[in-house]
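Structure first, commentary second.
Only the coordinates and a few stated rules stand behind these numbers; no lab work does. Remember, predicted model here, so these are calculated numbers, not experimental data. No Cβ is skipped: glycine too gets one built from the backbone with ideal geometry, and neighbour counts run over all protein chains shown.
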Amino acid sequence: MQNIPKKLILNNALPPNDTYTEQPNAFKSPAQLINELKIPNLSKILKLSEQSFRQTIVHDALNTPDEIATARALGWGNQDGELPFAQLKALELGLITSTELKGGSWAFITLCSWHVQHGQVTFSADAQDLGLDHDASEQVLNDIKPYFDEDSIHIFTHPELPPGQWLAYSDHFNDLACASLKRVSGRVIDDFLIGTGKSANHKSERLLRRLQNEMQMLLYQHSINDKRSVLINSFWISGTGALDLLDKDFQHTLDLYRNIKIVDIFKENINFLSPDHPEWFKTWSSGWQHIDATYLKELLGAYAELIEGTEISLCNDTSCITLTPVEQSWSRKLKSLFSSSKISQLLSL
């Protein structure tokens with residue numbers, strides 16, 4: 001138990017049930033999929049817990065369910081598109097305490113590839129997925145930084161950030177709602193661009209769109225694309241939002257974050273398997289069995305002992321269910337003896 005964080009967030013743990021795209025796994029319902037899994041520790045945890053939170057996001061939501069679950073675990077609430085993950089990263093990397101910038105907000109700036117077809121813009125991939133290395137990343141940063149500086153956007157690099165991603169600080173990001181990278185990856189982004197949706201009429205929307213257009217022109221002819229079949233041709237702003245922290249709160253926030261473990265059922269191969277892939281269920285099932293035999297086996301005792309702060313969040317592309325321990329009264333124990341053993345019914349899928 002000592003090595004397992006109390007708060008576990010399992011991404012892709014719920015069967016795919018994306019209500020605003022083509023329905024995957026047409027031959028099996030989500031209930032059938034999850035009932036076929038052999039995951040005894042989750043079954044036991046379900047009978048020792050209650051659903052303390054359940055949410056299904058709307059089609060134009062700017063954050064994914066696992067990001068919402070992480071924000072809740074940190075006590076942030078749910079300000080769609082303004083969950084301050086960039087400021088959290090800046091805090092973690094020591095960039096906040098080493099600067100004297102005031103009056104602005106933090107954001108991630110991430111190089112990416114957009115694909116335009118039939119008048120629609122799709123977010124194809126970010127720079128890391130496209131194999132950008134640190135040397136090329138530094139080369140691009142040197143070329144684009146003067147443009148950002150001119151617009152009073154301060155860019156910070158750090159060895160722990162992936163190539164092609166930086167942290168930025170500016171008052172242009174104040175109250176700016178942005179879609180996360182996870183939310184837009186592989187999707188048509190026309191309704192997620194700066195100046196649309198929740199960012200419409202923002203005070204800096206024209207400046208940020210103009211800067212984005214300038215970078216698209218610069219990147220189009222940049223040497224990093226000389227041998228690329230998929231061009232790095234734009235950047236994405238994400239992770240905006242502000243933490244109202246005093247200096248004494250910094251360590252507390254970091255301690256909370258370090259007590260959260262985010263695990264993807266698919267581990268490394270999620271990007272290569274779509275739900276209609278013939279190996280999808282086999283891979284998903286194998287990942288679930290590993291999680292059940294490790295993380296959930298360790299956390300089962302915490303549910304039985306009602307350890308405060310323990311929770312598990314199960315997520316997919318559109319939904320999140322959070323399970324917290326609950327005291328087992330005699331009536332509840334009796335009810336559990338006669339309740340269904342099907343995981344789908346215990347989760348109300």
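For segment 44-123, the residue among LEU48, HIS115, PHE85 whose Cα projects farthest onto the positive side of the dipole built from Cβ charges is LEU48.
Distance between the pseudo-spin-label points of ASP60 and GLU100 (7 Å out from Cα toward the beta carbon): 4.3 nm.
Using helices alone, I'd like the mean residue ellipticity at 222 nm for the chain: each DSSP H run of four-plus residues gives -39500 (n - 2.57), total over residue count, nearest 500. All intermediate terms of the calculation are to be shown ahead of the outcome.
Values: 12 runs with 110 residues, N = 349.
The helix contribution divided over the chain gives -9000 deg cm²/dmol.
Name all residues of segment 164-197 having a backbone nitrogen under 14 Å from the label point set 7 Å from the Cα of ASP133 along its Cα→Cβ direction, giving them as ranges. The answer is 164.
Can you pull out the trypsin sites (Lys or Arg not before Pro) in segment 162-263 whose DSSP state is coil and whose Cβ has at most 12 other Cβ atoms within 10 Å?
On the way: sites: LYS182, ARG183, ARG187, LYS198, LYS203, ARG206, ARG209, ARG210, LYS227, ARG228, LYS248, ARG258, LYS261; in loops: ARG187, LYS203, LYS227, ARG228.
Here the trypsin sites (Lys or Arg not before Pro) that fit, given the DSSP loop and packing criteria, are LYS203, LYS227.
Since only ASN213, LEU132, SER185 are under comparison, the one whose Cα sits farthest along the positive direction of the charge dipole of segment 85-238, derived from C-beta charges on Lys, Arg, Asp and Glu, is SER185.
Can you tell me how segment 86-156 classifies by the Cα gyration tensor, rounded, prolate or oblate, using a/c under 1.5 as the rounded cut? Verdict is prolate for segment 86-156. Note on segment 126-166: Cα-only Rg and Dmax are 10.4, 29 Å.
Scanning residues 5 or more positions from TRP114 or on other chains, those with amide H under 5 Å from its amide H are SER124, ASN233, SER234, with H placed 1.01 Å from N in the peptide plane. For LEU207, neighbours were defined as the other residues whose beta-carbon sits under 14 Å from its Cβ, and their charges (Lys and Arg +1, Asp and Glu -1) total -2.
What relative contact order, as a whole-number percentage, does the chain give when Cα pairs under 8 Å and 6 or more residues apart are counted?
In percent, rounded to a whole number, it is 36.
Counting Lys and Arg as +1 and Asp and Glu as -1, each charge on the Cβ, what is the dipole of the chain about the Cα centre in debye, to the nearest 20? Display every interim value, and only then the final one.
Details: 31 positive and 43 negative charges, 286 e Å.
With only Lys, Arg, Asp and Glu charged at Cβ, the dipole is about 1380 debye.
Tally Lys/Arg at +1 and Asp/Glu at -1 over every other residue whose Cβ is under 13 Å from the Cβ of GLU160; what's the total? Spell out each step's value before the answer.
On the way: positive: LYS89; negative: GLU92.
Residues close to GLU160 contribute a combined charge of 0.
Would you mind calculating the relative contact order of segment 85-238 from Cα pairs under 8 angstrom and at least 6 residues apart, reporting the percent as a whole number? Please list the in-between numbers first.
On the way: 227 pairs, mean separation 48.9, N = 154.
Relative contact order of segment 85-238: 32 percent.
Segment 65-156: which trypsin sites (Lys or Arg not before Pro) are DSSP loop and have at most 10 other beta-carbon atoms within 10 angstrom? Within segment 65-156, the qualifying trypsin sites (Lys or Arg not before Pro) (loop, at most 10 other Cβ atoms within 10 Å) are LYS102.
Can you give the log10 of the normalised intensity I(q)/I(0) at q = 0.16 Å⁻¹, computed with Debye over equal Cα scatterers of the chain? Summing over Cα pairs of the chain leads to -1.45.
Oblate is the label for segment 156-287, because the ratio a/c of its alpha-carbon gyration tensor axes (a ≥ b ≥ c) is 1.5 or higher and a/b is not greater than b/c.
Rounded, prolate or oblate: which one fits segment 85-238, using the alpha carbon gyration tensor with axes a ≥ b ≥ c (rounded when a/c is under 1.5, else prolate when a/b beats b/c, else oblate)?
On the way: a/c = 1.59, a/b = 1.16, b/c = 1.37.
Oblate, since a/c reaches 1.5 and b/c is not below a/b.
A Förster radius of 35 Å combined with the Cβ-Cβ distance from ASP249 to LYS145 puts the calculated FRET efficiency at roughly 0.65.
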